[in-house]
Amino acid sequence: MTFLSTPVHELRAQGRMSLLAEALAIRAWAEICLGTFDAASSAVEAMRLADETGQSLWAATARIAVALIDGVGRGWDTHHVLLAEAEHTALRTPNAASSLLAGVQLARGIAELGANRPEPAYRELLRVFQPADQAFQRVQQVWTIPAPGRPLFEAATANFDPHSPAKVATDNQTRGPLLLIASGKDHTVPESVTRATLRQYRHSEAVTDLVTFPDRAHSLTIDSGWREVADTCLTWLKQQSL
């Protein structure tokens, strides 16, 4: 996040509050994409500064971020006051309506999932894919692909259900080779989680390897250094005669 934090610090030092609000809103969404759900880090201040400087679109963007983070943490009713305010702004701003409304639906869908309500979540997120809907927006579709909620909850509760359909036979002796990749700066799936996964396969004699990229984050397969990751995987596949 250094790339976005540097302008935030410089704009704050220069007292340029309007641009600071924009930078904070952008950083808030970058943090969300990286799995950092802390509204106090950027989103709340972005919302306040955007309100104070009269930037309604950035204020709406920050409101959606705050509401989404809130939904990840504990879930809430989909009539969240911040989303209602963002929706009101969107409907008064035709050029930005679809983007803001799609963000609102994304936050509502995540809130429903946070409250263990997969079917309402599906209905909220589906709006982003319906061309006749005002919330139809292709960019947000990347984050809101409709899918059955049951597999998500089966996976989330697998450790508490000895007969879970998500159970994996980690002691399988006849499976194919398995390569686990960990990122040292991954805050979504930390390196410790990947190493714990490796330990789970210790009772299998099948090939199980771990490769760690200490300086990479969660998006290592699509970040600028993706070729190194791809080459590492290809080399490993050749070693396994695959």
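Take region 207-242 and flag every residue that is under 12 Å from ASP186 (Cβ atoms) and in a loop (DSSP other than H, G, I, E, B). Within region 207-242, PRO214, ASP215, ARG216, ALA217, HIS218, SER219, LEU220, THR221, ASP223 meet the criteria. What about THR6, is it of a type outside the set (D, E, K, R), in contact with a Leu (Cβ under 7 Å, 6 or more places away or on another chain) and surrounded by fewer than 15 Cβ atoms within 10 Å (Cβ to Cβ)? Considered against the rule, which asks whether it is of a type outside the set (D, E, K, R), in contact with a Leu (Cβ under 7 Å, 6 or more places away or on another chain) and surrounded by fewer than 15 Cβ atoms within 10 Å (Cβ to Cβ), THR6 comes out as no. Please tell me if PRO148 is at pLDDT 90 or above and touching a helix residue (DSSP H, G or I) at 6+ places or on another chain (Cβ under 9 Å). Taking the combined requirement at face value, the residue does not satisfy it.
Could you please let me know if VAL128 is loosely packed, with under 15 Cβ neighbours inside 10 Å, among the aliphatic types (A, V, I, L, M) and either at pLDDT below 90 or outside the structural domain of ALA46 (by TED's automatic domain parsing) (or both)? When the stated conditions are applied, VAL128 does not pass them. Test ARG63 against the criterion of being modelled with pLDDT of 90 or more and under 21 Å from ASP186 (Cβ atoms), and give yes or no. No; evaluated as a whole, the condition is false for this residue. Of the residues making up region 178-209, those that are out of contact with any Asp or Glu (no Cβ under 8 Å at 6 or more places or on another chain), surrounded by fewer than 16 Cβ atoms within 10 Å (Cβ to Cβ) and farther than 24 Å from PHE37 by Cα are LEU198, ARG199, GLN200, ARG202, GLU205, ALA206, VAL207, ASP209.
The values are calculated or read from the model by the stated rules, or taken from the named source; none is laboratory data. Note that the structure is a prediction, hence the values are computed from the model and not measured. All Cβ positions, even for glycine, are placed from backbone atoms using ideal geometry, and neighbour counts span all protein chains on display.
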